[in-house]
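This report refers to the structure that appears directly beneath it.
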Amino acid sequence: MHRVRKILSPVALISVLLAAWWIVVARGDGAIFPTPWQVVQGTRELIADGTLVGHISASLMRVGAGFLLATLLAVPLGLWMGRVDAVYDTLNPIFQILRPISPIAWIPIAILWLGVGNAAPIFLIFIAAIFPMIVQTAAGVHTIEQRYLQAAENFGVSRAKLFRQVVFPAVLPQIIVGMRISLGVGWLVVVAAEMIALRSGLGYLIIDSRNAGNRYDLVVSGMVIIGLIGLLLDGLMRLLEGLKSVRWRYAR
């Protein structure tokens with residue numbers, strides 16, 4: 001019964017919102033903004049001509065590359081910062097200065113450094129994803145119970161083995177949370193990132209549909225698809241949180 005309610009509640013809310021959207025557009029004076037059915041037709045058009053799969057693949061490739069690079073750098077760096085106070089005291093102020101800067105503000109610098117192509121959007125997504133992961137990982141190290149570390153020291157565990165068998169497993173739940181946040185932020189900036197990309201990606205689709213004939217049905221279609229893929233990506237990260245090796249530190 002609980003699972004049925006979890007499904008029916010959002011479905012009912014979405015249905016109400018779609019009905020309200022349809023009524024507002026139908027009663028409005030403007031003919032530019034599309035109805036839900038026009039958005040569906042626009043999506044079918046993108047599927048029929050084969051462009052939708054290409055745009056989705058390009059966006060996922062850029063977000064995946066930027067997120068992977070951020071993970072490979074952020075997790076080891078966060079672990080190092082969390083374990084060595086001198087490193088934390090040195091690097092944390094720099095990251096706290098850079099972290100609030102919007103990835104969109106990096107667009108001119110990305111173009112200057114990397115030109116117009118795939119590298120610049122990947123860099124922007126990397127910038128968006130790396131800081132939340134570093135902060136979350138370092139914070140996770142600081143929350144490790146000292147008895148784990150003391151027990152390892154009593155057995156004469158080496159530093160490498162300490163990181164591999166004590167620190168990393170203890171911080172893994174926080175790392176997964178940081179990855180989930182970073183992936184969401186990275187997917188969030190995909191539209192801005194693909195403003196400077198080649199002629200592909202969901203962000204490009206939205207901008208191009210607006211500029212080429214005011215195809216707002218395709219604009220809204222791109223927005224909806226971005227939202228649905230974001231929901232799917234978040235669901236995949238939540239599956240990682242459900243693994244036994246991750247859940248052991250959680251109360252639930």
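No lab work stands behind these numbers, since they all come straight from the coordinates. Since the model is a prediction, treat every value here as computed from it, not as a measurement. Here the Cβ is made from the backbone with ideal geometry for all residues, glycine too, and neighbour counts use every protein chain on show.
Fewest neighbouring Cβ atoms within 10 Å first, the residues 89, 208, 217, 234 line up as 89, 234, 208, 217.
Projecting the Cα positions of 200, 84, 110 onto the charge dipole of the chain (unit charges on Cβ atoms of Lys, Arg, Asp and Glu, taken about the Cα centre) puts 84 furthest along the positive direction.
Against the chain, whose longest principal axis is taken from its Cα atoms, helix 202-211 shows a tilt of about 30°.
Only alpha carbons enter this Debye calculation for the chain, each as an equal point scatterer, and the log10 of I(q)/I(0) it gives at q = 0.11, 0.12, 0.13 Å⁻¹ is -0.75, -0.85, -0.94. A simple charge model with +1 on the Cβ of Lys and Arg, -1 on the Cβ of Asp and Glu and nothing else charged puts the dipole of the chain at about 860 debye relative to its Cα centre. Computed from Cα atoms, the angle from the helix 119-142 axis to the main principal axis of the chain rounds to 40 degrees. Which of 226, 176, 14 moves most in a GNM of the chain, Cα contacts under 10 Å? Of the options given, 14 has the highest mean-square fluctuation. The C-alpha atoms of the chain define a longest principal axis, and helix 2-27 lies at about 40 degrees to it.
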